[in-house]
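The values are calculated or read from the model by the stated rules, or taken from the named source; none is laboratory data. Bear in mind the structure is a predicted one, so any value in this text is a computation, not a measurement. Here the Cβ positions follow ideal geometry from the backbone for every residue, glycine too, while neighbour counts run over all protein chains shown. In case anyone asks, the SASA skips ligands and DNA or RNA and just uses the protein heavy atoms, side chains included. Shrake-Rupley method; radii C 1.70, N 1.55, O 1.52, S 1.80 Å.
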Amino acid sequence: MGEYNKALEDLARLLEIEPDNIIALKYRGEINYMMKRYNESIADLTKLLEIKPDDAWAMNAYKLVEKL
């Protein structure tokens, strides 16, 4: 899981610089899901959907995580 933590740190730094970066939000949401950090995943997916409400991937991912 060390590689996931490093990726999360890098994505967090990127999002500090570019808080509306949809790619970073997508990947951080996905990594948080894989690490069973569902609340963090939902937060990133929610932010992504605020920026891009028609994102089909984000909508489906949100529905998946929301059920857990």
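Some observations on this one:
- Largest GNM mean-square fluctuation among Ala56, Ala12, Ala24, using the chain with Cα springs under 10 Å: Ala56.
- Once Cα extents along the principal axes in Å is calculated for the structure shown, the corresponding label among [x] 61, 36, 19; [y] 29, 27, 15; [z] 34, 28, 23 turns out to be [y].
- Take the Cβ atoms of Leu68 and Ile22, set R0 to 35 Å, and the FRET efficiency comes out at 0.95.
- Rolling a 1.4 Å probe over the protein heavy atoms of the chain, with every protein chain left in place, gives an accessible area that is 55 percent carbon and sulfur.
- Ellipticity at 222 nm from helices only: DSSP H runs of n ≥ 4 in the chain, each -39500 (n - 2.57), divided by the residue count, give -25500 deg cm²/dmol.
- Cα-centred dipole magnitude for the chain, charges only on beta-carbon of K, R (+1) and D, E (-1), debye, nearest 20: 280 debye
- Farthest towards the positive end of the charge dipole of the chain, among the residues Ala12, Ile23, Tyr38, is the Cα of Tyr38, using unit charges on the Cβ of Lys, Arg, Asp and Glu.
- The chain, relative contact order in percent, only Cα pairs under 8 angstrom and at least six apart counted: 26 percent
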